[in-house]
Amino acid sequence: MTTVDRREFIKSAAMSAAVAAAAGSTRAFALPVLTAPGVQWNKAPCRFCGTGCHVLVGVEDGRVVGIQGDLKADVNKGLLCVKGYHVGQILYGKDRLTTPLLRKDGRLVPISWEEAIDTVARRVLKDPKGFAMYGSGQWTIPEGCAGNKFMKGGLSSNHLDGNPRLCMSSAVTGFLSTYGVDEPAGVYDDLDQCDVAIMWGNNMAEMHPVVFSRIVDRRSRGEKVTIIDFGTRRTRTTDHADEFLLFKPNSDLAIANGIAHLLVQNNAYDKDFVARHCNFRQLDPEKPDAMQGKPMTFDEYAAALAEYTPERVEQISGVPADKIRLLAALFARRDIRITSLWCMGMNQHTRGTAINCLVHGIHLLSGHFGKPGDAPTSLTGQPSACGTVREVGTLCHLLPGGRLVANEDHRKHAEGFWNLPEGRINPKPGYHTVLLFEKFCTPTDKGGDIHTLWVQVTNPGQSLPNLHKLFKAKKGLEDKFLIVSDVYPTATTELADLVLPSALWVEKNGMYGNSERRTQQWFKMVDPPGQARDDCWQTIAVARRLFDLGFEGMKNKDAEFLFTFKDKGGKPVPVWDWNHYYDINVDEAFFEEYRPFSKLKQKDLAPYAEYARTRGLRWPVVQQPDGSWRETRWRFSEFDDPYVKKGAGTQFYNSVTKDDKALVWFRPWEPPPEGPDADYPYWLCTGRVLEHWHTGSMTRRVPQLHRAMPAAYVEISSTDAARLGVRSGERVALVSRRGRLELPCWIGGRGDCPEGTVFVPFFDESLLINELTLDAHDPFSKQPDYKKCAVRVERVVTTGAAR
Amino acid sequence: MAISGLVVTMDDAGVASVLAALRADPRITLGPPAGVRQPVVIETAGPAEDDAVWAWLRSIPGVRFVDVAYVHFDQGEEHDHG
Amino acid sequence: MSNDADISRRDFVRGRLLRTVRAMAGVPTPPPAPQRAAWVPLPIRRPPGAVPEARFLAECTRCNACIQACPVGAITVAPMRFRHAAGTPMIDQATAACVMCPDTPCISACEPGVLRKDRPLKMGTAWVDRSNCLAHRGTLCTTCSERCPVPGALRVDGGKPAIQDATCTGCGVCAQVCPAPINAIAILPLPDRPA
Ligand code: SF4
């Protein structure tokens, strides 16, 4: 480039940045980025959380050299959180896995890819019924499609579950029980328009910082928005809240019922909305395990709520009766817009389905639904918990498009779309996560009938609850075989028998689906290191090896290989051969195969090319007469959702009761399965921190993030600390019925626990708090409760000199 | 060489006079305005001059904010602090 | 809401430290088109409790006792580029921070007495570069204030960090933990330590 060219190039880059910034609706734009000619910038969604920000990735000489917030992205408008700004560095940690490793005589030794793939295939052949797969909300959509088809369509086995079982499944059952279909009706735009935002046990300031900024930023523009924070501890979110309501762990159901009770008792519910759009339900005492429950009349509903008077609720929850009245009064108002937000606080709950239903119920009852700013919205923790797991259906009871393995019609449909012989898909749901790991960690002769488990893109050795029982018990079980596809050594690879090195993020093509139904796409930008290869390829390669070994399940109806992809000329491409994997766009092929499923439940997806062009589109995406594709922001609302009949206003077209109505549930408050007692007098709550994502396997390798938050700690109230005689930085031991862990305490740090509660983040692999947590789970969603168990806190007496 | 992309936010009343002042300076290129927000590119010999122009922009009556969207400095013109 | 107009891109990239020192000393913005700044003495950050710089240079025996006493390895030997000060103990902001030990082992270890308990512990003053600070740029971040070891030295004001110059000791912990893509905290050395 000549000097003049270069100057012009920089000038035009400077101008486009300035123009974009000037056009932005807020004055908070991206940090300035120093760039140079020769750097290629391309879009990708951030690798981390379910917010789904878009970044621009700068690549020079085959290496990611820069990250900036994407001004063109609706989600984040150029802003990123502290993790997002560093996302490029996750590719370059020093200890990337670069070669397949097989455990021989207790040590992991390098082997060839051929041997690795063959080893996996032989484990399948040993007994296909005992071979299971554990996927992830970090799987790309095509990776999920591959895993799902391989297991359910190839091995006729439904022993495929994913880590969203641990984070999102109560939200799923909540949506299904209420609307008959999964995922929020609202979108992030609600946050730009609501008058009140209620955080139900949700520390959004740390977990979904960019969406939270979107609310807080409105205040800096002079708009008024009231933030109400419901929580069991003070967090960074509380700093921004107008009202903080501290409640006793597990009492959220009583609060929700208290609000509903007042709405009914004061005749303050939205009668018109309820009459037109709602039916009422409760669990059937004769079949308490049936998620469908049984109908109840409005009067029965009102009677069931009657005991939840503000005073009674205060007794259970510790929230003053007046505050309950205040909330009910807010919901009673028709002139304001209210958005409820929640994530793990409501989902990781032994009554997760119930509390999800109750919050939807309050919104329906009060008519705070379906208008911009009026929405009950759950957030996801992982970048594609929605896209890959909830939509593609990579859970043990699901088929793509929100359908069920137990339903014959649904199976037939899937067999049709996948071109499988009839009856290939197994009607029996597989093991859900907790059960799957229990079966894997139980000796074969004691009923542990899972002999091999293939884990992709997640780290259960750190993230499962009750780790001693559900993971570490695998140690010493000679006939059990753990396969782990990952990018770094983790707590999971520690027990792995076979480690497969994977490509990460922009080292491969990918698609994600974020919390607001937004499907996103990116292209491969750099090569993976060493011999690391795409997870999707790994699945296909194993399938092909099985096909070559004559395994019937790997053939479709026409006796072709299950994953037959053709080039433009109609010639099959041998994508199982790594040298040919990128000859065609395998992502596009998988996505187009999966698209027809999306229409079955009005979750229509656009063609792949539309996603390549945009910063994501929110489904249903419906083609217009002029050929263009239009996304939907407010589902079930006539003014925006093309599936709603003209004149209906609101229509729940996936309704459980088939009458276009949603279900308002009554669910009673009940005491928790484990609570503080004389031996274990504290509540233990676990969670994340702003700087680290999930188990920290990526973010802890970013020096800036590691320095900012180097190690786990226990947050404890100053009163409890004084009683124990410990100061900030001193070590204490936490002891539960399941495990013991020593760690430093932090008093008055980032968050603040009330007396009798402690909080520990789970990102630190050297301090595994999940050795202490409880594996008790919600009966419907099977999601464990990581937020509540009982522990004892002991002072650690150090011997010898402090220094 | 220093090139920076800035957004100049003006008072409603000051738009005409501010724009006139900006146009008069050959080092400044104006982009398409968005209401009272004017994107500009400044091209100068080095960071110090870039600073001076930036300071001058802020001092023009009618300018409310000057925000940075983009910065590019050439290497080797600054004092080394080690 | 903070006044973003104060966000100063002048302090933005390389050379920000120098220019900031100049600005703090009240030196007016230079006229258009100067090319190169004149040479100024390189600022050096001493361990806590240091005597005035001239005396420090004269009396420090370069015995390294403070360096050995520091439990976190924050004190190093000034390299050659510090010219006349090479070989004396310093805290390099780029790589380390003083953690403000309550019992100041470095001072106890100093035999010639150029680090003294009766001197202020102040080593400098932290300064937040608003154009790079995440909190000032619309992203939620409170890391520096949480980790600051000196009570009251770093306040969070409307979600944004604000240094209290009088209380801040310039220990540098905030600069060490700042997770911004371009570190947003500079530790300004004391122009001169009072006698
Ligand atoms: S981690 Fe989440 S909030 Fe942060 S930049 Fe990535 S997607 Fe956005």
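The values are calculated or read from the model by the stated rules, or taken from the named source; none is laboratory data. Because the structure is a prediction, the values reported are computed rather than measured. Note: ideal-geometry Cβ built from the backbone for every residue, glycine included; neighbour counts use all protein chains shown.
Below are the figures for this structure:
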| quantity | calculated |
| --- | --- |
| Condition met for residue A:62 (within 14 Å of chain C (Cβ to nearest Cβ) and either more than 13 Å from the ligand (Cβ to nearest atom) or among the aromatic types (Phe, Trp, Tyr) (or both)) | no |
| Boolean, residue C:171 is within 16 Å of residue A:707 (Cβ to Cβ), away from chain A (no Cβ under 11 Å), in contact with a Cys (Cβ under 6 Å, 6 or more places away or on another chain) and not small (Gly, Ala, Ser) | yes |
| Residue tally, condition hydroxyl-bearing (Ser, Thr, Tyr) and on the phi < 0 side of the Ramachandran plot, over segment A:141-163 | 1 |
| Flag if residue A:367 is surrounded by fewer than 24 Cβ atoms within 10 Å (Cβ to Cβ), touching a residue at least 24 places away in the same chain (Cβ under 8 Å), not in a helix (DSSP H, G or I) and not hydrophobic (A, V, I, L, M, F, W, C) | yes |
| Qualifying residue in segment C:144-163 (condition: in contact with a Lys or Arg (Cβ under 6 Å, 6 or more places away or on another chain), under 25 Å from residue C:73 (Cα atoms) and more than 10 Å from every other protein chain (Cβ to nearest Cβ)) | no |
| Residue within segment A:123-142 that is assigned to a helix (DSSP H, G or I), more than 16 Å from the ligand (Cβ to nearest atom) and without any contact (Cβ under 8 Å) to a residue 40 or more places away in the chain present | no |
| From the options A:74, A:70, residue that is in contact (Cβ under 8 Å) with a residue 60 or more places away in the chain and within 11 Å of the ligand (Cβ to nearest atom) | A:70 |
| Leading residue by the ranking (farthest from the chain's Cα centre (by Cα)) among those in segment A:105-125 that are among the charged types (D, E, K, R) and at pLDDT below 95 | A:105 |
| Residue within segment A:542-557 that is assigned by TED's automatic domain parsing to the domain that holds residue A:458 and closer than 30 Å to residue A:616 by Cα present | no |
| Every residue from segment C:96-143 that is away from chain A (no Cβ under 14 Å), within 18 Å of the chain's Cα centre (by Cα) and farther than 30 Å from residue A:77 by Cα | C:98, C:115, C:119, C:120, C:121, C:122, C:123, C:124, C:125, C:126 |
| Residues within segment A:145-160 that are in contact with a strand residue (DSSP E or B) (Cβ under 6 Å, 6 or more places away or on another chain) and either farther than 23 Å from residue A:380 by Cα or modelled with pLDDT under 95 (or both), tallied | 2 |
| Condition met for residue C:152 (over 27 Å from residue C:49 (Cα atoms) and without any contact (Cβ under 8 Å) to a residue 24 or more places away in the chain) | no |
| Positions within segment C:95-140 being part of a helix (DSSP H, G or I) and closer than 17 Å to residue C:51 by Cα, in sequence order | C:105, C:106, C:107, C:108, C:109 |
| Subset of segment A:185-214 (residues that are in a loop (DSSP other than H, G, I, E, B), closer than 26 Å to residue A:692 by Cα and either in the same structural domain as residue A:688 (by TED's automatic domain parsing) or not β-branched (Val, Ile, Thr) (or both)) | A:188, A:201, A:202, A:203, A:208 |
| Segment A:474-490, residues that are in contact with a Pro (Cβ under 9 Å, 6 or more places away or on another chain), over 21 Å from residue A:143 (Cα atoms) and modelled with pLDDT of 95 or more | A:480 |
| Of residues in segment A:200-228 being facing chain C (nearest Cβ under 10 Å) and of a type in the set (A, V, I, L, M, F, W, C), the one nearest to the ligand (Cβ to nearest atom) | A:210 |
| Spans of helices (runs of 4 or more DSSP H) in segment A:248-332 with at least 1 residues under 14 Å from residue A:358 (Cβ atoms) and within 29 Å of the chain's Cα centre (by Cα) | A:252-265, A:310-317, A:321-332 |
| Conditions (1) away from chain A (no Cβ under 11 Å); (2) surrounded by 15 or more Cβ atoms within 10 Å (Cβ to Cβ); (3) at pLDDT 80 or above: number failed by residue B:77 | (3) |
